[in-house]
1. Restricting attention to region 213-251, which residues are without any contact (Cβ under 8 Å) to a residue 40 or more places away in the chain, within 23 Å of GLY292 (Cβ to Cβ) and surrounded by fewer than 19 Cβ atoms within 10 Å (Cβ to Cβ)?
2. How about region 228-283: which of its residues are in a loop (DSSP other than H, G, I, E, B), aliphatic (A, V, I, L, M) and under 18 Å from TYR176 (Cα atoms)?
3. Is it the case that region 187-206 has a residue that's touching a helix residue (DSSP H, G or I) at 6+ places or on another chain (Cβ under 6 Å), assigned to a strand (DSSP E or B) and at pLDDT 90 or above?
4. Any residue in region 216-225 that is small (Gly, Ala, Ser), within 19 Å of GLY184 (Cβ to Cβ), at pLDDT 80 or above and touching a Phe, Trp or Tyr at 6+ places or on another chain (Cβ under 9 Å)?
5. Scan region 244-262 and give yes if some residue there is under 22 Å from PHE158 (Cα atoms), at pLDDT below 90 and not small (Gly, Ala, Ser), otherwise no.
6. Sort through ILE174, ILE139, ILE89 and tell me the only one that's modelled with pLDDT of 90 or more and surrounded by 14 or more Cβ atoms within 10 Å (Cβ to Cβ).
Amino acid sequence: MKGKKVINSSEKSNVEKQNKDAEAKNGKTLLQTNANAKEENRKVKNNKEKINKLVKQTAKELDELSLNIGSGHNDNKIIGKTKSQLSTIKARKGKKGNNNVSDLIFLREIHRQPSNFWALLNFEQNYWDANACHSDIEIIGDKNLIVHFKKRNSGWRFVFAKHPFLLGIGSSDIFYFEISIKNGGCPICFGFGVKRQQKSDERMYDGEGFYTYDSQGIFWINGSYKGMFERNACGINDIVGCGVNLATRKIFFTKNGHRMGTFDFDPSSDVYQMFPFVSLSYWNLKIEANFGPF
């Protein structure tokens, strides 16, 4: 028969100390968890208040806009669609598990850049943005539709359109634009992406938030390489297009009026703006955009 293990005073002291340390650690963890929960609740409450304010403000502006343009105007479809979006936001802002962040981003974008909302009413008035353009690129023509790689240099040079389309609202479920290649010989990329300033020679087109066609016949979809297809390569005098169908959540590319490829369109939940862009890789390349109407 085995005897009981005798625990000396030193071992007993160590066990008691370990127990106290564990209790203290658990207590700190519980306090931190409670503090984190309180902070999260504070943020959610704060976001709800901001959403309430922006929803009321947006609804009022939409009512005024509707009165100004008249009941029979086609743009009232956009207003109705946006009001529906506001109703959805109001309905879900209090639901458990919804921190309201993406809804707040959506509402802020409408008010931070109101010209973007007006661009939805007249998407054909889009043009290249001189403030979102690499210094080696020049925008020419009286409508700012032509992009030219002016400097004797090489490397990917970006320019974005002035206006985006906002995910969730718009005069159409399909957004589309085309470019015609005036001078070629070197790769050109274009598509839809998240507008930001280009860092040096950064090639943004193959990263997350970009849906890109490369004139060598390559597709990059939200950071994922989809392969190279020589039959889809293009050059001088070709017209290539890019479109998004919000109803089917698909993005598609065209070449001289024929569909080249269709891919899933699934941007991250915090993205509400997508901008047409083009990127030229070498000196003297030139393209001209057509933003519609089609």
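The values are calculated or read from the model by the stated rules, or taken from the named source; none is laboratory data. As the structure is a prediction and not an experimental result, all values here were calculated from the model. Here Cβ is always computed from backbone atoms with ideal geometry, including for glycine, and neighbour counts include all displayed protein chains.
1. Listed by number, the residues that qualify are THR248, ARG249, LYS250.
2. We begin by selecting, within region 228-283, every residue in a loop (DSSP other than H, G, I, E, B); these are 229, 233-238, 246-249, 256-257, 265-272, 283.
Among the residues that remain, those that are also aliphatic (A, V, I, L, M) are: 233, 236, 246-247, 271.
The answer is LEU246, ALA247.
3. Of all residues in region 187-206, those touching a helix residue (DSSP H, G or I) at 6+ places or on another chain (Cβ under 6 Å) come to 189.
Next, only the ones that are assigned to a strand (DSSP E or B) stay: 189.
From what is left, the residues that are at pLDDT 90 or above are 189.
Within region 187-206, one or more residues are touching a helix residue (DSSP H, G or I) at 6+ places or on another chain (Cβ under 6 Å), assigned to a strand (DSSP E or B) and at pLDDT 90 or above.
4. Pass one, region 216-225, residues small (Gly, Ala, Ser): 217, 223-224.
From the residues that got through so far, the ones that are within 19 Å of GLY184 (Cβ to Cβ) too are 217.
Filter once more, keeping what is at pLDDT 80 or above: 217.
Right, trim to touching a Phe, Trp or Tyr at 6+ places or on another chain (Cβ under 9 Å) and you get 217.
The answer is yes; a qualifying residue exists.
5. Yes: region 244-262 contains one or more residues that are under 22 Å from PHE158 (Cα atoms), at pLDDT below 90 and not small (Gly, Ala, Ser).
6. Going through ILE174, ILE139, ILE89 in turn, the sole match is ILE139.
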